[in-house]
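In what follows, a structure is listed as structure tokens, so that the remarks can point back to it.
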Amino acid sequence: MAQQAVAAAPAQETRHQGGVPTWKRVLRYTVVRTIGLFFAVVMGVYLTILIANMGGYVDKIRMAEIQERVSIRFMNDPTFRQLPEEERRKRIEAEIALEAKRLGMDKPFLVRSFLYLRNALTLELGFAERMTSDTGSRQVRLIILERIPPTLLVFATANLFLFFISLGIALYLSRNYGNLLDRFFVATSPLSSAPAWFYGLFLIVIFAAWLRVLPFGGMVDIPPPPTRWGYFLSLLRHLILPVSALVLSALFISVYSWRTFFLIYSSEDYVEMAVAKGLHPRLVERRYILRPTLPTIITSFALTLISMWLGAPIFETIFNWPGLGRTYFQAVGFFDTPVIVGITVIFAYLLAITVFLLDIIYALVDPRVDIGGARRQQG
């Protein structure tokens, strides 16, 4: 009986580490983490609203446009021009006030900024001020939904290929430290300091302007091919240059970073002990090198997935790619605040969800992760 009591004690301690049940610790951690991420999203979106409106300066531009539009409309009316000057001034001011009220411009900017924040957080993105979707709609939601697939296509293709090929090459280099290929990637790693659009310009000059074997930009030929197979082939041709530019801009530094990372873990004592025991190199690599580095690999992969959504404004503009990045660039140029805020809030939500899921995944793949401070409470 005494032995059974002693054996039951560790199990009970596992269920109630630190005197708190496991499900309560996980629930408390989840609630605290969710609240923290929510406040981070709120602050990021609100700062975006302030910056996009330049602290209210954009509202002054909008009021000037309203005044100009109303004045031109009235002055083109022959009956209005026959009215006394005082009457004309009153009518113009009344129409301006009515138009400003319709657009919500009659409230102070501070009040409207919190209204914008509420609408953004609830994904009531409203209507764009100047931009339209391909179907002619001014709904911000439709504008964003139309631009997401092209961005996902080019960035998902490039980033996923880059991620897995970098890991594969880095693992090979860590097993063959110091060979010719290893020295090549060490020497060429500074080439990744140039952005993707820089490589894109060179690729366009060489393969589009000089050799004339690939298109300058765009997503498909104009006019688009009538058949699905022709459309698919045209899409593949237009993907070659942007995907190549993205891969070239990050391949060398990515391989060098992962190769150095794997070499550091390969020199750990437990890895050398496993090698001394005569374990197969593949088993040592999988169990003693990849397993401890799995949280870092998952983090890198998750952030790679997030980067697919936003795109790159300059990059998509150079290749005339109709994605979110080019749309964001155009929205900034047009001072189209609803589109800017809409893209930002979606990106903020995606980033917060990714960070939250990473914490859960860490606990599943790495038993050293302490959720809810159980070890501190136990100590």
Note to self: Residue under question is P224, and the condition is that it be modelled with pLDDT under 90 and either farther than 30 Å from N176 by Cβ or outside the structural domain of A158 (by TED's automatic domain parsing) (or both); does it hold?
What the structure shows: yes
Note to self: Can you say whether G200 is farther than 30 Å from V271 by Cβ, under 21 Å from the mean Cα position of the chain (by Cα) and in contact (Cβ under 8 Å) with a residue 60 or more places away in the chain, as far as the supplied structure shows?
What the structure shows: yes
Next item on the list: Hey, could you check segment 78-102 for residues that are surrounded by 14 or more Cβ atoms within 10 Å (Cβ to Cβ) and not small (G, A, S) and say which is farthest from F38 (Cα to Cα)?
Entry: L83
Notebook entry, point to check: Restricting segment 116-173 to residues that are surrounded by fewer than 16 Cβ atoms within 10 Å (Cβ to Cβ) and on the phi > 0 side of the Ramachandran plot, which is modelled with the highest pLDDT?
Noted result: G136
Checklist line | Any hit, segment 113-120, residues being free of Cβ contacts under 8 Å to residues at least 24 places away in the same chain, of a type in the set (G, A, S) and in the same structural domain as N53 (by TED's automatic domain parsing) | finding: no
Margin query: For segment 50-76, give me each residue that is within 33 Å of the chain's Cα centre (by Cα) and not hydrophobic (A, V, I, L, M, F, W, C).
Written below: N53, G55, G56, Y57, D59, K60, R62
Notebook entry, point to check: Residues S266, S193: which one is closer than 30 Å to V355 by Cα and under 26 Å from the mean Cα position of the chain (by Cα)?
Noted result: S193
Next item on the list: Give the number of residues within segment 83-105 that are under 20 Å from F127 (Cβ atoms) and more than 44 Å from the chain's Cα centre (by Cα).
Entry: 0
Note to self: Restricting to segment 220-246, give me the number of residues that are outside any loop (DSSP other than H, G, I, E, B) and either among the acidic types (D, E) or free of Cβ contacts under 8 Å to residues at least 12 places away in the same chain (or both).
What the structure shows: 7
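The values are calculated or read from the model by the stated rules, or taken from the named source; none is laboratory data. The structure presented is a predicted model; accordingly, all values stated were derived computationally and were not measured. Positions of Cβ are generated from backbone atoms using ideal geometry, with glycine treated the same way; all protein chains shown enter the neighbour counts.
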